[in-house]
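The values are calculated or read from the model by the stated rules, or taken from the named source; none is laboratory data. This is a predicted model, so every value here is computed, not measured. Because the Cβ atoms are built from the backbone with ideal geometry, glycine has one as well, and the counts that use them run over all protein chains shown.
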2 protein chains.
Amino acid sequence: MIQYIEGGVCAAKGFRAAGIHCGIRKNRTKRDLALIVSEQKAAAAAVYTTNLVKGAPLLVTKKNIEDGYATAVICNSGNANTCNADGIEIAEKMCALVADKLAIDAKDVVVASTGVIGQRLSLDPIAAGMDALVADLGNDGAHAAEAIMTTDTVKKEVALSFEIGGVTCKIGGIAKGSGMIHPNMATMLVFITTDCAIAPAMLQKALSSDIKNTFNMVSVDGDTSTNDMVSVLANGMAGNKEITCEGEEFDTFMKALNGVTVALCKMIAADGEGATKMLECAVDGAKDLETAKTVAKSVICSSLLKAAMFGADANWGRVLCAIGYSGADVDVTKIDVDFVSSAGVVSVCRNGAGIEFSEELAKTVLSEKEIEIKVNLNDGACSSKAWGCDLTYDYVKINGDYRT
Amino acid sequence: MIQYIEGGVCAAKGFRAAGIHCGIRKNRTKRDLALIVSEQKAAAAAVYTTNLVKGAPLLVTKKNIEDGYATAVICNSGNANTCNADGIEIAEKMCALVADKLAIDAKDVVVASTGVIGQRLSLDPIAAGMDALVADLGNDGAHAAEAIMTTDTVKKEVALSFEIGGVTCKIGGIAKGSGMIHPNMATMLVFITTDCAIAPAMLQKALSSDIKNTFNMVSVDGDTSTNDMVSVLANGMAGNKEITCEGEEFDTFMKALNGVTVALCKMIAADGEGATKMLECAVDGAKDLETAKTVAKSVICSSLLKAAMFGADANWGRVLCAIGYSGADVDVTKIDVDFVSSAGVVSVCRNGAGIEFSEELAKTVLSEKEIEIKVNLNDGACSSKAWGCDLTYDYVKINGDYRT
């Protein structure tokens, strides 16, 4: 019943989006200001970074959606508006500019910023760009998806349709995220829209529950950003009976939401700064979910394993090593490890010890763009997945001189 | 009273050492087998990695020094003897070979291995090399320091003299460690020798206490090795009255030990895989020691900050970000940050917000080989330091194809 469709944040009924270059970023070919607008006021939910250093826009958004509703999202790239004395004031003024143009309440605006930390964000280019931004509003979410990119090399959008009580609903999202990605009870910048009718409390419940197994299981570089946020707007325009409690319809919504978030997670991991490969660590046979998650995340975060994957080197000892220091209580003498890709499967470790394998096959398997590191703890029935990418020369290059 | 002197593990009276190429490593110019021998049986203490995957040699060493004494240390590089079905047997046989040659008990041998995980370690080259190894024993620890190197680019040895009750004692050590370095209640491979007389229990107490502020505060890449170990042999040949309890003499010994361990920590950090710079994060003004340590370690571990330091980019937002996600309970609006090197000081952040600074001065300061990241939390009187290095292209290169 759940089906992937074309589009992103405008796939759901009643949403329009825009993205322009207003001048925050020096490169004139890069869009740096995005706007998403719902025709009707929408139920709103969000999760935020757990970093104690929080971007000013997050604090303003949190206050604005306290009542459970929002109508528009504004987001700039090129400057995080974080660690600035006047950050809150600037974020509030961004909301006011949107409210003014759209004749809505400033308290109904979700605001986000991404880019360099600790440089003052000038309101001038944003104010000057508002007319062009509103003029760009249309039914294609691509401009908005581009405008939130920083070091991302590709825009990230996904959408799908699903049915609630015989009514077809749609949900779609866009994401930015390439570096400083190691979400912790929150995540990178993600904006999701749906026309499904769902009460704010249930929307928040769905989101908070989903991210534990999706965005919180992605890591590019172990650095938890100050500006991470995922927000969902649900405007109810599909016409289904509003979801107000748990049950079959809520489960369907959760599945649809998960379809969007997992797809965005993989896109973010694959486009990790400097990445040439997307890595998925799939852990099975764990005695509980927490163990499975801890192991999957630890493997995906190992700099040594990430560098080995870049070199297509089947150095499985680094997988065992990362499991061993993960803090999870596992029996290392039971662990099996396989490397899997579209080119085949190579089994490298059984019962915690190496087994003979063809280095040639391993090289072939690990030369693909998507690599699955399969770990079986042989100690129970719980599973988890985490996503990341390889560590490359380009990660160093991109981050060696990011500000200038 | 504490004075740095020439030498390493042979600086203290009654210790001889050797290092040869026996054939574990393919490169014939690289020594791969080290031996350290005390003329008299010595008090022995050690700390080990907390990684659940533990190298077989560590398990054998732990058993061998259960009685608090040892006479010799054997260590090979080129193979970690970890995750191998016959690992324990091989490690025990290494001890037996040493015992045989030196006419000592195999239970008095400390054994260690470092190198690739999960490849069987053959005893043949070691057995064949024993005569040459023993013939190489001399009063210069340099060969042993070389023989324990893996991806290290320089050998690491240090020694100092100190006085206990009017008697001059000496202590010295060697270390290997370049990658897979993120000690957790243990550390990389370090062998320390002293002629100071100290009871085994006090020696273990001194070591266990010291590493919390030294080796456990070093990180090259966030990966806690399976084969980390620090051991100390104290043969008492200086002739001081044995230290058997806490007090002034124990404190002096602690200071001397700390002089050796801090020096080795800095050497390890400076020689981190691919490193061009040694980073020291000095945290002051913390409300308690735990907070200071957590903040210092988090900053030193940030891949983003490490890459910025490689590029001599004063991207202090990444320092704030790493403090924010460290898990320490700090007031981010009180934090001051300065970058310090022999070229000067550049203040970049006051009260959690950016201040104007000369980019030119910052570039000059950050272009030196040793950079101090000074963080003041302005929230108390506790301090801590952590050591690490920058993240460079060469780290990726070294680890992209380590096995082949």
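Annotations
- Residue in the stretch A:87-96 that is buried (at least 18 other Cβ atoms within 10 Å of the Cβ), outside any helix (DSSP H, G or I) and not acidic (Asp, Glu) present: no
- Applying the condition of being more than 12 Å from B:ILE373 (Cα to Cα) and in a loop (DSSP other than H, G, I, E, B) to the stretch B:314-326 and asking which residue is nearest to the other protein chains (Cβ to nearest Cβ) yields B:TYR325.
- Any chance A:VAL116 is closer than 30 Å to A:ALA197 by Cα and among the aliphatic types (A, V, I, L, M): no
- Every condition in (1) surrounded by 24 or more Cβ atoms within 10 Å (Cβ to Cβ); (2) part of a helix (DSSP H, G or I); (3) in the same structural domain as B:LYS363 (by TED's automatic domain parsing); (4) not polar (S, T, N, Q) is met by B:VAL283 except one, and the failing one is (2).
- Among the residues making up the stretch A:45-86, those that are within 14 Å of another protein chain (Cβ to nearest Cβ), in a loop (DSSP other than H, G, I, E, B) and either closer than 29 Å to A:GLY138 by Cβ or of a type in the set (Gly, Ala, Ser) (or both) are A:GLY55, A:GLY78, A:ALA80, A:ASN81, A:ALA85.
- Of all residues in the stretch B:93-122 being of a type outside the set (S, T, N, Q) and touching a Pro at 6+ places or on another chain (Cβ under 7 Å), the one that is nearest to B:LYS176 (Cα to Cα): B:ALA112
- Residue within the stretch A:16-23 that is touching an Asp or Glu at 6+ places or on another chain (Cβ under 9 Å), away from chain B (no Cβ under 14 Å), within 26 Å of A:ALA206 (Cβ to Cβ) and not in a loop (DSSP other than H, G, I, E, B) present: yes
- Unique residue being surrounded by fewer than 20 Cβ atoms within 10 Å (Cβ to Cβ), under 30 Å from B:TRP316 (Cβ atoms) and more than 8 Å from chain B (Cβ to nearest Cβ) when the list is A:ASP390, A:ASP394, A:ASP379: A:ASP394
- With respect to being away from chain B (no Cβ under 12 Å), in contact with a helix residue (DSSP H, G or I) (Cβ under 6 Å, 6 or more places away or on another chain) and surrounded by fewer than 20 Cβ atoms within 10 Å (Cβ to Cβ), A:ALA343 fits the description.
- Cβ pairs under 6 Å, 6+ apart, first in the stretch B:339-365 and at pLDDT below 95, second of a type in the set (S, T, N, Q): B:ALA343/B:THR364; B:ASN351/B:THR333; B:GLY352/B:THR333
- Test for A:VAL299: is it outside the structural domain of A:GLN204 (by TED's automatic domain parsing), more than 24 Å from the chain's Cα centre (by Cα), of a type outside the set (Phe, Trp, Tyr) and at pLDDT 90 or above: no
- Per the conditions (1) of a type in the set (A, V, I, L, M); (2) under 26 Å from B:ALA234 (Cα atoms); (3) out of contact with any strand residue (DSSP E or B) (no Cβ under 9 Å at 6 or more places or on another chain), the sole criterion not satisfied by B:ALA128 is (2).
- Look at the stretch A:83-101: where a residue is on the phi > 0 side of the Ramachandran plot and a partner is part of a helix (DSSP H, G or I) and among the small types (Gly, Ala, Ser), sitting 6+ places away or on another chain with Cβ atoms under 9 Å, you get A:CYS83/A:ALA56; A:CYS83/B:GLY317.
- Tabulated pairs, the stretch A:113-134, first within 12 Å of chain B (Cβ to nearest Cβ), second basic (Lys, Arg), C-beta under 9 angstrom, 6+ apart or interchain: A:GLY115/A:ARG25; A:VAL116/A:ARG403; A:ILE117/B:ARG318; A:GLN119/A:ARG403
- Scanning the stretch A:287-313 for residues that are among the small types (Gly, Ala, Ser) and within 14 Å of chain B (Cβ to nearest Cβ) yields A:SER298, A:SER302, A:SER303, A:ALA307, A:ALA308, A:GLY311, A:ALA312.
- Number of the exception - B:THR150 against (1) over 30 Å from B:ASP390 (Cβ atoms); (2) within 16 Å of the chain's Cα centre (by Cα); (3) within 14 Å of chain A (Cβ to nearest Cβ): (1)
- When restricted to residues that are touching a residue at least 40 places away in the same chain (Cβ under 8 Å) and farther than 23 Å from A:ASN84 by Cβ, the stretch B:310-328 contains 2.
- Count of the stretch B:357-373 residues which are crowded, with 18+ Cβ neighbours inside 10 Å and either out of contact with any Leu (no Cβ under 9 Å at 6 or more places or on another chain) or in a loop (DSSP other than H, G, I, E, B) (or both): 3
- Meets criteria (under 29 Å from B:SER367 (Cβ atoms), in contact with a helix residue (DSSP H, G or I) (Cβ under 9 Å, 6 or more places away or on another chain), away from chain A (no Cβ under 14 Å) and among the hydrophobic types (A, V, I, L, M, F, W, C)) for B:MET278: yes
- Condition check for B:ASP329 on (1) touching a helix residue (DSSP H, G or I) at 6+ places or on another chain (Cβ under 8 Å); (2) crowded, with 24+ Cβ neighbours inside 10 Å; (3) within 12 Å of chain A (Cβ to nearest Cβ); (4) over 30 Å from B:SER231 (Cβ atoms): one failure, at (2).
- Residue match in the stretch A:375-384 (condition: modelled with pLDDT under 95 and not hydrophobic (A, V, I, L, M, F, W, C)): yes
- Among (1) farther than 29 Å from A:SER302 by Cβ; (2) modelled with pLDDT of 90 or more; (3) among the hydrophobic types (A, V, I, L, M, F, W, C), the one test that A:PHE191 misses: (2)
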